[in-house]
């Protein structure tokens, strides 16, 4: 599965929201022709202003399920999902619920793309790894990281 996948790095809590299945759309300023399995990497950075997310009732409810923001895993691959489609945000922004809207960027001036995901699964044990911008191939990581990822993918029911 690793050979036929890509990796997407997200800040927390968006990486966890996705692999917990609480978020199914990721907004980006860029689109991609890639469709298929994606490993979800949680970046290391957690800027202090993210604490303001607790003021939004949708995020507060999600933290009750996933755990405290400061305790979410960072600097590691936390799960996987299937990228089903990539469409302009203007095609979906009026068709999504309030929670999904709160978890994305759908402003009127935003030229965004919506990556629509399905089959999200979180890993039992997040795998420490460095993240990169854009979509990237997992073979950029060393063999031990790839082996740990293959094991987690198998445990999550994603082949291997």
Just checking, how many residues over the range 47-67 are outside any helix (DSSP H, G or I) and either modelled with pLDDT of 95 or more or out of contact with any helix residue (DSSP H, G or I) (no Cβ under 7 Å at 6 or more places or on another chain) (or both)? 2
If residue 56 passes every condition in (1) farther than 30 Å from residue 137 by Cα; (2) surrounded by 13 or more Cβ atoms within 10 Å (Cβ to Cβ); (3) under 17 Å from the mean Cα position of the chain (by Cα) but one, which one does it miss? (3)
If you go through the range 68-83 one residue at a time, do you hit one that is surrounded by 13 or more Cβ atoms within 10 Å (Cβ to Cβ), over 18 Å from residue 12 (Cβ atoms), within 16 Å of the chain's Cα centre (by Cα) and at pLDDT 95 or above? yes
Out of everything in the range 147-160 that is outside any loop (DSSP other than H, G, I, E, B) and touching a strand residue (DSSP E or B) at 6+ places or on another chain (Cβ under 6 Å), what residue ends up being surrounded by the fewest Cβ atoms within 10 Å (Cβ to Cβ)? 155
How do the pairs read when you match residues in the range 1-19 that are farther than 16 Å from residue 59 by Cβ with residues anywhere that are part of a loop (DSSP other than H, G, I, E, B), using Cβ under 6 Å and keeping only pairs 6 or more apart or on different chains? 1/158; 1/159; 1/160; 6/34; 9/43; 9/131
In the range 1-19, residues that are touching a helix residue (DSSP H, G or I) at 6+ places or on another chain (Cβ under 9 Å), crowded, with 24+ Cβ neighbours inside 10 Å and part of a helix (DSSP H, G or I) total 2
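Could you check, for the range 86-97, whether at least one of its residues is free of Cβ contacts under 8 Å to residues at least 60 places away in the same chain and on the phi > 0 side of the Ramachandran plot?
Kept after step one, since they are free of Cβ contacts under 8 Å to residues at least 60 places away in the same chain, are these residues of the range 86-97: 86-88, 90-91, 93-95, 97.
Within this subset, residues satisfying the condition of being on the phi > 0 side of the Ramachandran plot are none.
No, the range 86-97 has no match at all.
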I need a count of the residues in the range 106-146 that are loosely packed, with under 14 Cβ neighbours inside 10 Å and assigned to a helix (DSSP H, G or I). 4
Here's a check for you: in the range 68-85, which residue that is part of a helix (DSSP H, G or I) and without any contact (Cβ under 8 Å) to a residue 40 or more places away in the chain is nearest to residue 145 (Cα to Cα)? 71
What number goes with the only condition from (1) within 15 Å of residue 99 (Cα to Cα); (2) in contact with a strand residue (DSSP E or B) (Cβ under 8 Å, 6 or more places away or on another chain) that residue 11 does not pass? (1)
Could you go through the range 85-105 and let me know if any residue there is modelled with pLDDT of 95 or more, more than 22 Å from residue 50 (Cα to Cα) and either surrounded by 14 or more Cβ atoms within 10 Å (Cβ to Cβ) or touching a strand residue (DSSP E or B) at 6+ places or on another chain (Cβ under 8 Å) (or both). yes
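The values are calculated or read from the model by the stated rules, or taken from the named source; none is laboratory data. Here the structure is a predicted model, which is why all the values come from computation and not from measurement. No Cβ is skipped: glycine too gets one built from the backbone with ideal geometry, and neighbour counts run over all protein chains shown.
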